[in-house]
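Trainee: Please read through the structure below; I'll follow up with questions.
The values are calculated or read from the model by the stated rules, or taken from the named source; none is laboratory data. Source: prediction; values computed, not measured. Note: ideal-geometry Cβ built from the backbone for every residue, glycine included; neighbour counts use all protein chains shown. Heavy atoms of the whole protein, side chains included, go into the accessibility calculation; ligands, DNA and RNA do not. Shrake-Rupley method; radii C 1.70, N 1.55, O 1.52, S 1.80 Å.
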Amino acid sequence: MKPTNPIFTGLPTTIFEVMSRLAVETGAINLGQGFPDVDGPEVIRRAAADALMAGPNQYPSMMGIEDLRQAVAETNKRFYGLDVDWRSEVMVTSGATEAIADAIIGLVAPGDEVVLIEPLYDCYLPIVRQAGGIPKLVRITPPHWTLDPDALAAAFSDRTKAILINTPMNPAGKVFTRDELQLIADLCIKHDAYVIADEVYEHLVYDGRTHVSPMQLPGMRDRVVRIGSAGKTFSLTAWKIGYITAAPHLLAPIAKVHQFVTFTTPPDLQKGVAAGLRLGDDYFRDFATGLAAKRDRLSAGLADLGFEVLKSEGTYFVTTDTGPLGIADDKEACLKMTREAGVAAVPVSAFYASNPPSTYIRFCFCKKDEVLDTALERLRTWLRRAA
Ligand code: PMP
Ligand code: GLN
């Protein structure tokens, strides 16, 4: 029989699914895949439940319900000072994952170059390839995750259609600074390129840092496709509600992709998310403060066990070396730790296309304190036994 699409046929199952499945099979505490173990605010879930019962449960506008599109425009103003026209510049998608695919397919034509920064979130590279894009990879690596301006500049050319960036960045926990984003912006302006900005962790930023959207930088307002996710912002990862903010000339082709991929997204969940985006500043502040405390709890515990814990400025994640595990290969270390210690994590090498750093693993800290403590206790017992 004829071969199926080689871009997808040869791919392994995503590491998040692999580690979560193994955690379930082995009864391990899952600090692998990024999801909280407490659902987000009741007012959001109540608004969605009420909308579901009141109906209608029929196709909403393909662009998303007006209430949510307006709420997205309002938060762009509230957090970033951006004036956004909700009618022509906001679209709701089924998760940021769909938004990323729509944006890549909507902007990238076969033969266009696309700059990507490793570590890469799992879907980026396959979708760029499927669009016929030519990936130009720039890498940042642990422990410092420093962006080399020369390597970045070398990845750009006049054939560059777009750069895809993720800030705050999974799994690095890196929040790109205004200066780093300015470098990217300067290159985009020089080479007439767009930015697809995966900002799903925009509200998960710690220690008084501020998230800067590349859309805020001078000359970038109409070059950036800004992507957010209710899953992350409201601890409702299964809802898969994403939203795109982009100038009309960029959103239009992206909407043409969306109309043939999912077309619409459940309206009751959209209602709930609209209520969420209208929560007071205290919700967003307390959310970040609470997560930072969890990051500190897990980081301190891991350091106490002998791991070199890297700084996490944002996201759900903290990266460590494989140190006390005594296994250099990160995949093997994660498998063994899940099976023997009963704690799952994710190997950082899974985020690189080739020649990955292989001695770092990612832990997810958005879990109840007692779960983090039990995970640390399990690791302590296991390491003691192995010693
Ligand atoms: N981008 C990054 C960097 C992520 O970590 C995630 C989390 N799953 C997504 C996109 C996808 O978000 P969503 O669940 O809204 O599709
Ligand atoms: N973003 C999550 C992570 O990095 C996983 C989401 C997914 O499995 N698609 O762990």
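Trainee: Take the residues of the range 275-284 that are in a helix (DSSP H, G or I) and within 18 Å of Asn76 (Cβ to Cβ): which is most open to solvent (accessible area, probe 1.4 Å)?
Mentor: Ranking the qualifying residues of the range 275-284, first place goes to Asp281.
Trainee: While we're here: Could you please find all residues in the range 237-253 being within 11 Å of ligand 1 (Cβ to nearest atom), of a type in the set (A, V, I, L, M) and open to solvent by less than 10 Å² (accessible area, probe 1.4 Å)?
Mentor: Residue satisfying the conditions is Ile241 alone.
Trainee: Return the residues of the range 72-95 that are within 21 Å of the chain's Cα centre (by Cα) and either under 15 Å from Asp281 (Cα atoms) or not in a helix (DSSP H, G or I) (or both); say none if nothing qualifies.
Mentor: Result: Val72, Thr75, Asn76, Phe79, Tyr80, Val90, Met91, Val92, Thr93, Ser94.
For (1) crowded, with 20+ Cβ neighbours inside 10 Å; (2) closer than 28 Å to Ile7 by Cα; (3) within 16 Å of ligand 2 (Cβ to nearest atom), each residue gets a yes or a no:
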{"site": "Gln130", "(1), (2), (3)": "no, yes, no"}
{"site": "Asn170", "(1), (2), (3)": "yes, yes, yes"}
{"site": "Lys174", "(1), (2), (3)": "yes, no, yes"}
{"site": "Ile184", "(1), (2), (3)": "yes, no, no"}
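Trainee: Shifting gears a bit: Return yes or no: is Thr141 part of a loop (DSSP other than H, G, I, E, B), open to solvent by 30 Å² or more (accessible area, probe 1.4 Å) and either within 16 Å of ligand 2 (Cβ to nearest atom) or without any contact (Cβ under 8 Å) to a residue 24 or more places away in the chain (or both)?
Mentor: No, not satisfied.
Trainee: Could you tell me whether the range 8-17 includes any residue that is within 14 Å of ligand 2 (Cβ to nearest atom), in contact with a Pro (Cβ under 9 Å, 6 or more places away or on another chain) and outside any loop (DSSP other than H, G, I, E, B)?
Mentor: Yes, the conditions are met somewhere in the range 8-17.
Trainee: Restricting the search to the range 360-387, which residues are open to solvent by 50 Å² or more (accessible area, probe 1.4 Å) and modelled with pLDDT of 95 or more?
Mentor: Passing the criteria: Lys368, Asp369, Glu370, Asp373, Thr374, Glu377, Arg378, Arg380, Thr381.
Trainee: Hey, another quick one. Within the range 295-326, how many residues are among the β-branched types (Val, Ile, Thr), open to solvent by less than 20 Å² (accessible area, probe 1.4 Å) and more than 16 Å from ligand 1 (Cβ to nearest atom)?
Mentor: The number of residues fulfilling the criteria is 2.
Trainee: Another question, if that's okay. Give all pairs with beta carbons closer than 8 Å in which a residue from the range 203-223 that is at positive phi and without any contact (Cβ under 8 Å) to a residue 40 or more places away in the chain meets a residue that is open to solvent by 20 Å² or more (accessible area, probe 1.4 Å) and among the β-branched types (Val, Ile, Thr); count only pairs at least 6 apart in sequence or on separate chains.
Mentor: As it stands, the answer is Gly219/Ile189, since those pairs meet every condition given.
Trainee: Here's a follow-up. Going by the structure shown, is Thr177 more than 15 Å from ligand 1 (Cβ to nearest atom), touching a residue at least 40 places away in the same chain (Cβ under 8 Å) and not aliphatic (A, V, I, L, M)?
Mentor: Considered against the rule, which asks whether it is more than 15 Å from ligand 1 (Cβ to nearest atom), touching a residue at least 40 places away in the same chain (Cβ under 8 Å) and not aliphatic (A, V, I, L, M), Thr177 comes out as no.
Trainee: Can you confirm whether Leu125 is of a type outside the set (Ser, Thr, Tyr), outside any helix (DSSP H, G or I), within 16 Å of ligand 1 (Cβ to nearest atom) and surrounded by 17 or more Cβ atoms within 10 Å (Cβ to Cβ)?
Mentor: No: the conditions fail for Leu125.
Trainee: Determine whether Arg221 is under 23 Å from Tyr316 (Cα atoms), open to solvent by 30 Å² or more (accessible area, probe 1.4 Å), outside any helix (DSSP H, G or I) and of a type in the set (D, E, K, R).
Mentor: For Arg221, the condition - under 23 Å from Tyr316 (Cα atoms), open to solvent by 30 Å² or more (accessible area, probe 1.4 Å), outside any helix (DSSP H, G or I) and of a type in the set (D, E, K, R) - is not met.
Trainee: While we're looking at this one, here's another question. So Leu325 fits all but one of (1) touching a Lys or Arg at 6+ places or on another chain (Cβ under 9 Å); (2) at pLDDT 95 or above; what number is the exception?
Mentor: Leu325 satisfies all of (1) touching a Lys or Arg at 6+ places or on another chain (Cβ under 9 Å); (2) at pLDDT 95 or above except (2).
Trainee: Show the residue pairs that are 6+ apart or on different chains and have beta-carbon atoms under 8 Å apart, the first residue being within the range 34-51 and among the acidic types (Asp, Glu), the second being assigned to a loop (DSSP other than H, G, I, E, B).
Mentor: Pairs that qualify, where the first residue is among the acidic types (Asp, Glu) and the partner is assigned to a loop (DSSP other than H, G, I, E, B), are Asp37/Cys366; Asp37/Lys367; Asp37/Lys368; Asp39/Ser235; Asp39/Leu236.
Trainee: Another one. So, in the range 21-38, exactly how many residues are in contact with a strand residue (DSSP E or B) (Cβ under 6 Å, 6 or more places away or on another chain) and more than 12 Å from ligand 1 (Cβ to nearest atom)?
Mentor: Qualifying residue count, the range 21-38: 6.
Trainee: Now for a separate question. Could you run through the range 106-134 and say how many residues are farther than 19 Å from Thr9 by Cα and either under 15 Å from the mean Cα position of the chain (by Cα) or touching a residue at least 40 places away in the same chain (Cβ under 8 Å) (or both)?
Mentor: Looking only at that region, the number is 14.
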